[in-house]
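Here is the structure we will look at.
The values are calculated or read from the model by the stated rules, or taken from the named source; none is laboratory data. Only a predicted model underlies this, so the values are computations on that prediction, with no experimental measurement involved. Heads up, the Cβs are rebuilt from the backbone with ideal geometry, glycines too, and the neighbour counts pull from every protein chain shown. Heads up: the accessible areas ignore ligands, DNA and RNA and are worked out on the full protein's heavy atoms, side chains in. Shrake-Rupley method; radii C 1.70, N 1.55, O 1.52, S 1.80 Å.
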Amino acid sequence: MKKLRLVVVVAMVPALLGLAAGVYAAVNFQVNPSRFDPSHTFLVQATWLDGIGCPTGARVDLTGSGSTTSYTDPACPTGDRNDPHNQGLLLAKTGPTANNAAGQAEIKGVKGQKITEIGYDLRKPASTTDPRGSHCGAGAPRFDVIAEDGTTYFIGCNSPTPVQTSNGSQGWIRLRYGAAGHVMAFGPNGLTDISALKVKSLFIIFDEGQDADPDNFGLAVLDNIDVNGTLVGHGATGHDTDGGGKGKGHDDNGDGND
């Protein structure tokens with residue numbers, strides 16, 4: 001019996017090590033904002049900011065006495081445990097959509113992985129079609145998923161239609177793209193299941209301006225970026241931009257040369 005137990009334990013070690021490696025890779029992705037503004041129009045922004053994210057276990061003083069209690073928004077019962085300042089990702093584009101500029105964020109640390117779930121929390125009441133709050137269009141904010149073969153796939157805020165997993169919040173909605181491990185995205189051949197594809201690079205793009213209906217707002221606040229169930233809701237610093245509006249950018253032409 002002792003030999004049998006030893007064999008079972010030894011046989012399990014590679015599987016356990018593989019599981020640990022997979023978890024480690026998922027936990028360590030980062031969301032790095034920048035501005036794509038080659039003509040220096042100064043009409044776009046992308047940055048993590050304190051105090052604008054979806055509160056999970058935040059502290060609130062409801063009496064003015066200096067005594068605080070815990071507060072969690074119904075939309076985000078779970079969040080990023082490494083986000084003590086309740087950061088949110090601000091993405092904005094002022095003026096017309098036609099302006100060749102975008103606020104964006106690159107999701108680093110996911111290269112070579114397959115995506116079975118993706119999403120974020122959006123500072124917006126009720127639903128994706130509500131004209132109040134953050135902009136949520138067919139094209140922005142969107143995920144640009146570049147596969148290993150260089151093909152680009154798009155997942156817009158409301159196209160394809162996400163699953164809204166939150167209820168009861170007055171100001172946030174939690175959106176998920178991917179049902180039963182199948183993530184649908186628009187590519188060269190229309191709506192495609194991309195869950196079997198390995199990722200080369202992954203971006204969040206905001207390039208719709210104030211002329212985009214129904215809100216004509218040109219701004220969105222995101223939090224708890226979700227890749228395969230891991231949530232990231234903070235940047236490296238409180239003001240995480242590229243500093244000069246000279247982000248490398250993602251060209252969106254589908255050739256993978258971003």
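I need a count of the residues in the range 157-184 that are β-branched (V, I, T) and either touching a residue at least 60 places away in the same chain (Cβ under 8 Å) or within 20 Å of F206 (Cβ to Cβ) (or both).
Of the residues in the range 157-184, 3 are β-branched (V, I, T) and either touching a residue at least 60 places away in the same chain (Cβ under 8 Å) or within 20 Å of F206 (Cβ to Cβ) (or both).
When residues of the range 172-189 are filtered for being outside any strand (DSSP E or B) and open to solvent by less than 20 Å² (accessible area, probe 1.4 Å), how many remain?
2
If P160 meets every condition in (1) assigned to a loop (DSSP other than H, G, I, E, B); (2) under 27 Å from D50 (Cβ atoms) apart from one, which number is that one?
(2)
Pull out all pairs, ordered by first then second residue, where Cβ-Cβ is under 7 Å, the residues are six or more apart or on different chains, the first lies in the range 130-141 and is under 11 Å from A220 (Cα atoms) and modelled with pLDDT of 95 or more, and the second is of a type in the set (D, E) and in a loop (DSSP other than H, G, I, E, B).
Listed pairs, sorted by first residue: H135/E208; H135/D215; G137/E208; A140/D207; A140/E208.
Does the range 190-210 include one or more residues that are among the acidic types (D, E), assigned to a loop (DSSP other than H, G, I, E, B) and open to solvent by 70 Å² or more (accessible area, probe 1.4 Å)? Walk me through how you get there before you give the answer.
At the first step, the residues of the range 190-210 found to be among the acidic types (D, E) are 193, 207-208.
From the residues that got through so far, the ones that are assigned to a loop (DSSP other than H, G, I, E, B) too are 207-208.
Keeping just the survivors that are open to solvent by 70 Å² or more (accessible area, probe 1.4 Å) gives none.
For the range 190-210, residues among the acidic types (D, E), assigned to a loop (DSSP other than H, G, I, E, B) and open to solvent by 70 Å² or more (accessible area, probe 1.4 Å): absent.
A quick yes/no check of all residues on (1) open to solvent by 30 Å² or more (accessible area, probe 1.4 Å); (2) closer than 26 Å to F42 by Cα; (3) basic (K, R); (4) without any contact (Cβ under 8 Å) to a residue 24 or more places away in the chain:
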position: S67; (1), (2), (3), (4): yes, no, no, yes
position: Q87; (1), (2), (3), (4): no, yes, no, no
position: A92; (1), (2), (3), (4): no, yes, no, no
position: E106; (1), (2), (3), (4): yes, yes, no, no
position: V110; (1), (2), (3), (4): no, no, no, no
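Might you let me know whether the range 27-50 holds any residue that is in a helix (DSSP H, G or I), within 20 Å of the chain's Cα centre (by Cα) and at pLDDT below 95? Step through it out loud before you land on a result.
Taking the range 27-50 as the starting set, the residues that turn out to be in a helix (DSSP H, G or I) are 27.
Still in the running and within 20 Å of the chain's Cα centre (by Cα): 27.
Remaining after also requiring at pLDDT below 95: 27.
So far as the range 27-50 goes, yes, one or more of its residues are in a helix (DSSP H, G or I), within 20 Å of the chain's Cα centre (by Cα) and at pLDDT below 95.
Which count do you get for residues in the range 112-139 that are of a type in the set (G, A, S) and either closer than 16 Å to A46 by Cα or outside any loop (DSSP other than H, G, I, E, B) (or both)?
2
Do you know which of the residues in the range 209-243 that are among the acidic types (D, E) and over 17 Å from the mean Cα position of the chain (by Cα) is modelled with the lowest pLDDT?
It comes out as D242.
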